[in-house]
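A quick write-up on the structure given underneath.
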Amino acid sequence: MKEFVYLDNAATTKVRPEVVEAMLPYFTEIYGNASAVYDFGQKCKQAIEDARETIGSSIGTKASNIYFTAGGSESDNWALKGVAEAYKDKGKHIITTKIEHHAILHTCAYLEQQGYEVTYLDVDADGLVSPEDVKKAIRPDTILISVMFANNEIGTIEPIEEIGAIAHEHGILFHTDAVQAYAQVPIDVEKMHIDLLSASGHKLNGPKGIGFLYIRQGLKLKSFIHGGAQERKRRAGTENVPGIVGLDKAVEIAMATMDERIKKESELRDYLIARIEDEIPFAKLNGHRVKRLPNNINFCFRFIEGESMLIMLDMAGICGSSGSACTSGSLDPSHVLLAIGLPHEIAHGSLRLTLSDEITKEQLDYVVDHLKEIVAKLRSMSPLYEDYAKKHLS
Amino acid sequence: MKEFVYLDNAATTKVRPEVVEAMLPYFTEIYGNASAVYDFGQKCKQAIEDARETIGSSIGTKASNIYFTAGGSESDNWALKGVAEAYKDKGKHIITTKIEHHAILHTCAYLEQQGYEVTYLDVDADGLVSPEDVKKAIRPDTILISVMFANNEIGTIEPIEEIGAIAHEHGILFHTDAVQAYAQVPIDVEKMHIDLLSASGHKLNGPKGIGFLYIRQGLKLKSFIHGGAQERKRRAGTENVPGIVGLDKAVEIAMATMDERIKKESELRDYLIARIEDEIPFAKLNGHRVKRLPNNINFCFRFIEGESMLIMLDMAGICGSSGSACTSGSLDPSHVLLAIGLPHEIAHGSLRLTLSDEITKEQLDYVVDHLKEIVAKLRSMSPLYEDYAKKHLS
Amino acid sequence: MYSEKVMDHFQNPRNVGEMENPSGVGTVGNAKCGDIMRMYLDIDENGIIKEAKFKTFGCGAAVATSSMATELVAGKTVQEALEVTNKAVMEALDGLPPVKVHCSLLAEQAIHAALWDYAQKNGIKIEGLEPPVNDIEELEEEEEY
Ligand SMILES: Cc1ncc(COP(=O)(O)O)c(C=O)c1O
Ligand SMILES: Cc1ncc(COP(=O)(O)O)c(C=O)c1O
Ligand code: FES
Ligand code: FES
């Protein structure tokens with residue numbers, strides 16, 4: 001039978017069976033409204049508060065600073081638009097980076113239309129933001145610095161603690177999009193000077209449609225979704241109790257297994273990187289080799305194009321991605337790969353493989369074996385390879 | 001054993017087992033990213049498109065006009081803020097009513113801060129909006145009329161078709177918050193001249209955390225949540241596939257059973273209303289007697305206060321609500337009851353009981369029996385009743 | 001996402017390769033996505049295309065349309081080959097998803113570029129053939145909202 005190797009865990013993950021188990025009663029048994037007076041609703045309320053507790057302590061803060069949302073995109077939108085709105089009297093300048101997720105970049109573009117100014121910082125060839133650059137970009141009217149904790153495409157982990165320290169020295173709020181990093185690497189909002197943090201359930205083997213925004217106590221942030229008095233009047237909408245309960249369970253498991261997963265996944269990651277570098281010519285690793293998410297592998301294979309590679313991998317039962325998953329639909333090469341300095345035609349041939357803790361070495365061997373063939377086949381069809389070979393290889 | 005009678009279905013409903021069944025594979029088996037290239041993601045995409053089809057045809061429109069959101073509140077926020085933003089060059093005046101849900105009212109208050117003007121129409125003693133009033137409120141700079149399809153507290157169904165016709169005669173967009181009415185009573189967006197319609201999954205025995213906004217083709221509405229290219233670039237965020245699949249199933253069942261449910265629930269509703277009116281003195285039915293959601297019963301019991309009544313009902317295993325569920329947390333009497341002209345102290349003593357298709361006549365008998373005792377007990381403790389009794393009953 | 005025919009031509013592309021002494025060769029790039037296609041034609045003295053070969057750096061649709069285009073032009077006269085439009089290629093493939101329509105233009109343009117090269121080399125004029133453009137771009141079809 002054909003293998004099935006799912007290596008697109010940065011896009012979305014399989015929900016853990018324990019998580020589904022935890023959610024189930026909240027669909028058909030404990031379904032009451034969490035804001036209601038009756039006891040039956042109070043059980044839901046309790047479940048929500050328990051989840052808030054688990055999540056608060058997972059990033060070193062109080063439960064009451066955690067606000068549930070429908071996912072990472074909503075959290076990012078809320079953080080940026082909320083700060084922009086609440087602090088506009090202080091200034092209208094925001095600092096972010098060129099490699100943020102579109103949930104940040106498109107929100108910034110929207111804010112620019114509303115009269116805000118946004119500085120988009122460059123990154124180096126590994127995708128690292130320089131704290132020095134952050135410092136230089138600060139102006140008297142800067143109200144927010146937003147730098148992602150780890151990049152979703154190339155896996156580079158940013159120097160969040162340094163950037164947070166700079167933000168706070170200057171009395172500027174600091175937001176981090178931790179959608180990829182949360183529950184994958186340790187995060188402490190106090191130590192790292194983080195004022196706002198976005199996360200999403202489905203990236204950590206939790207359910208889709210649920211996420212949270214951490215908001216430091218005392219921030220003036222208003223509602224993004226107006227209406228009922230849920231989430232201490234800051235986020236309206238009947239609470240997604242099963243989603244919250246599922247997120248709770250997913251976080252609990254992810255935190256308990258983090259050390260072990262980091263160890264296992266980084267080993268596998270480095271094994272896969274080594275095999276590809278050794279066995280496939282003209283392959284370039286994207287992202288920082290060490291400051292890197294444990295589960296992220298991203299390569300460019302010169303002379304070939306990403307989609308063709310993905311379809312051929314798919315035919316071998318291997319799920320990977322090219323560029324950012326949320327924007328396939330767009331034909332432009334990834335803005336992240338362009339930002340680390342790759343030329344267009346090379347950025348086109350990128351492949352992202354992201355591990356889960358279920359992946360085995362044998363599966364990775366299977367992947368490399370197929371990848372070698374696929375790359376060779378596509379190169380034999382590529383006019384770019386033909387030109388290159390004529391010039392350099394004959 | 002204590003009975004358990006859940007009569008708060010306007011707040012939220014039990015998810016149907018068939019719905020959970022339909023969702024389950026999408027948590028742990030078909031979990032791929034719907035935007036991905038590989039076949040595994042395409043299965044999710046197909047499921048989403050099937051759901052869009054089901055929902056589109058349930059309100060008489062094309063699938064492509066349905067956009068999934070995280071629930072009714074987000075849909076309402078998007079509709080209002082989206083229209084306000086997109087059509088501000090045409091004008092900055094919005095017409096709505098005094099009995100809308102807070103997801104509308106608080107969004108309007110926010111828009112007022114942003115420089116928009118909002119007219120809040122009065123309703124009559126039954127909670128009906130007058131189409132004449134709508135017409136009179138129209139100004140050259142009116143860009144949107146938003147009137148809820150049916151009220152969540154008192155169940156009154158508004159003259160949507162007439163209001164829609166007026167809006168369109170004047171070239172004004174028409175939004176309806178159909179969170180309570182959708183899949184409970186027939187809706188046809190073409191016949192009723194509806195340009196935007198909000199709905200929420202958990203009100204129709206579907207999952208929490210999922211809803212949709214219908215947007216008529218050709219409207220300029222932009223994204224409310226910016227980011228990835230999902231939902232034809234209009235609503236960012238990894239698709240909540242299990243939620244969407246669950247909503248699909250819930251809608252399918254709700255539409256197939258609608259006629260039958262309407263018949264059954266309105267009979268039970270009228271039975272309960274009749275028993276209360278016959279057997280409990282000083283009880284006043286709120287909302288229109290006929291133009292009324294099939295599952296809504298709302299009474300004011302003079303001389304007593306809502307919360308005490310709810311707690312006592314809860315002790316008998318009966319879940320009901322007082323005022324709007326989403327705003328318990330607020331101590332003010334319901335804005336809806338004030339709008340239909342009830343004085344403060346009477347508005348305080350309201351009880352909303354909302355049926356599901358699982359409720360039996362025997363359960364309602366149980367409820368009335370307890371309710372009689374509870375009202376009597378609370379009245380015996382009430383100084384207001386004492387005063388009244390001294391004056392009129394002696 | 002793709003029709004069975006597209007998948008077939010993607011998995012088993014016909015006529016991939018180079019040609020030693022082609023009668024005409026054309027390379028075109030797609031400005032919209034940065035993909036590249038090269039088409040080789042072997043044309044006999046009667047102006048009949050005996051063989052077509054291609055190489056493509058591009059998505060699944062680009063590979064499949066190249067493959068199909070080589071099949072469609074083989075055996076045709078130079079003049080007939082001009083009628084192998086992107087629409088004809090798409091139809092032969094049972095259609096393409098809307099975002100992939102531009103990919104089929106690569107194939108049409110690559111044929112044209114190869115024919116132009118042939119015409120230049122032989123000093124002939126082909127009725128209705130325009131000089132090739134380096135970067136082809138379809139007219140933006142903005143989705144209507
Ligand atoms: C009329 C009405 N509009 C909007 C909402 C908000 O929906 P949700 O809680 O799903 O966000 C509700 C229910 O709470 C409602 O009854
Ligand atoms: C870094 C980053 N931010 C934000 C998001 C958006 O999260 P969601 O799709 O859950 O809304 C994603 C994932 O898609 C991401 O990787
Ligand atoms: S006395 Fe408790 S709410 Fe009024
Ligand atoms: S996306 Fe470039 S040719 Fe298809």
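Laboratory data are not the source of any read-out in this text; all were calculated from the coordinates shown. In this text, all values refer to a predicted model and were calculated from it rather than measured experimentally. Cβ sites come from the backbone with ideal geometry, for glycine too, and all protein chains shown count toward neighbours.
Things to note:
- Sum of -39500 (n - 2.57) over DSSP H runs of 4+, divided by residues of the protein assembly as shown (222 nm, nearest 500): -12500 deg cm²/dmol
- Label points for A:Lys391 are taken 7 Å from Cα along Cα→Cβ. From this copy to the others they lie 9.8 nm apart, shortest first.
- For segment B:17-253, the Cβ-based charge dipole about the Cα centre amounts to some 900 debye (Lys, Arg positive; Asp, Glu negative; other atoms uncharged).
- Residues in segment A:120-132 carry Karplus couplings, in order, of 9, 6, 6, 10, 7, 5, 8, x, 8, 7, 9, x, 4 Hz; the curve used is 6.51 cos²θ - 1.76 cosθ + 1.60 with θ = phi - 60°, and Gly or Pro positions show x.
- Between the beta carbons of A:Ser394 and A:Ser57, assuming R0 = 51 Å, the FRET efficiency works out to 0.20 to the nearest 0.05.
- A DSSP coil position with no more than 13 other Cβ atoms inside 10 Å describes the following GluC sites (Glu not before Pro) in segment B:351-394: B:Glu358.
- Percentage relative contact order, chain B, counting C-alpha pairs under 8 Å, at least six apart: 22
- Couplings for segment C:92-108, taken from phi via the Karplus curve 6.51 cos²θ - 1.76 cosθ + 1.60 with θ = phi - 60°, read 4, 9, 6, x, 9, x, x, 5, 10, 4, 4, 5, 5, 5, 4, 5, 4 Hz in order; Gly and Pro are left as x.
- Average other protein chain Cβ within 10 Å of Cβ, residues A:338-347: 1
- Taking amide H atoms as placed 1.01 Å from N in the peptide plane, the amide H of A:Asp8 lies under 5 Å from those of A:Thr354, each 5 or more residues away in sequence or on another chain.
- The Rg/Rh ratio of chain A, with Rg taken over Cα atoms and Rh as the Kirkwood radius over Cα pairs, comes to 1.00.
- A P(r) calculated from all alpha carbon pairs of the protein assembly as shown, with 20 Å bins opening at zero, reads 14, 41, 32, 12, 2, 0, 0 percent.
- Farthest towards the positive end of the charge dipole of the protein assembly as shown, among the residues B:Leu80, B:Leu221, C:Ile49, is the Cα of B:Leu80, using unit charges on the Cβ of Lys, Arg, Asp and Glu.
- Lysine pair count for segment A:40-156 [Cα-Cα under 25 Å; pairs on different chains or 8 or more apart]: 18
- FRET efficiency estimate (nearest 0.05) - Cβ-Cβ, C:Glu18 to A:Lys98, R0 60 angstrom: 0.95
- Most positive-pole-ward Cα, A:Gln180, A:Leu196, A:Pro207, against dipole of segment A:169-214 from beta carbon charges: A:Pro207
- Values of log10 I(q)/I(0) for segment B:1-94 across q = 0.14, 0.18, 0.23, 0.26 Å⁻¹ run -0.82, -1.09, -1.26, -1.30, by the Debye formula with one identical scatterer at each alpha carbon and no solvent.
- In this structure, the amide hydrogen of B:Ser322, modeled 1.01 Å from its nitrogen in the peptide plane, lies closer than 5 angstrom to those of B:Arg352, counting only residues at least 5 positions away or on a different chain.
- Counting neighbouring beta carbons within 10 Å and listing from fewest to most, the residues A:Thr13, B:Thr360, B:Thr176 come out as B:Thr360, A:Thr13, B:Thr176.
- For the protein assembly as shown, the dipole from Cβ point charges (+1 on Lys and Arg, -1 on Asp and Glu) about the Cα centre works out to 1540 debye, to the nearest 20.
- The GNM of chain A, with springs linking C-alpha atoms under 10 angstrom apart, assigns the highest mean-square fluctuation among A:Ile318, A:Ile262, A:Ile225 to A:Ile225.
- Set of lysines near A:Lys264 by C-alpha distance (under 29 Å), chain-local residues within fewer than 8 positions excluded: A:Lys2, A:Lys14, A:Lys191, A:Lys203, A:Lys208, A:Lys249, A:Lys284, A:Lys291, A:Lys361, A:Lys372
- Sparse packing (at most 14 other Cβ atoms within 10 Å of the Cβ) combined with a DSSP loop state is found for the following GluC sites (Glu not before Pro) in segment C:37-138: C:Glu45, C:Glu83, C:Glu127, C:Glu137, C:Glu138.
- Sorted largest first, extent of chain C alpha carbons per principal axis (Å): 50, 30, 23
- Computed from phi, the 3J(HN,Hα) profile of segment B:347-360 under the Karplus parametrisation 6.51, -1.76, 1.60 (θ = phi - 60°) reads 4, 5, x, 8, 9, 10, 10, 10, 7, 10, 7, 8, 6, 10 Hz, with x in place of Gly and Pro.
- Using bins of 10 Å that start at zero, the share of Cα-Cα pairs per bin across segment A:90-230 amounts to 11, 42, 37, 9, 0, in whole %.
- Amide H contacts of C:Ile43 (H built 1.01 Å from N, in plane; Pro and chain starts excluded): C:Ser23, C:Gly24, C:Lys50 sit under 5 Å, all sequence-distant by 5 or more or on other chains.
- Charge dipole (Cα centre; +1 on Lys/Arg Cβ, -1 on Asp/Glu Cβ; no other charges) of segment B:1-81 amounts to roughly 140 debye.
- For the residues of A:25-31, the average number of beta carbons from a partner chain within 10 Å of their own beta carbon is 5.
- Averaged over the residues of peptide A:203-213, the number of Cβ atoms from other protein chains lying within 10 Å of each residue's Cβ is 5.
- Cα-only Debye scattering, segment B:238-394: base-10 log of I(q)/I(0) at q = 0.09, 0.17, 0.21 Å⁻¹: -0.35, -1.06, -1.40
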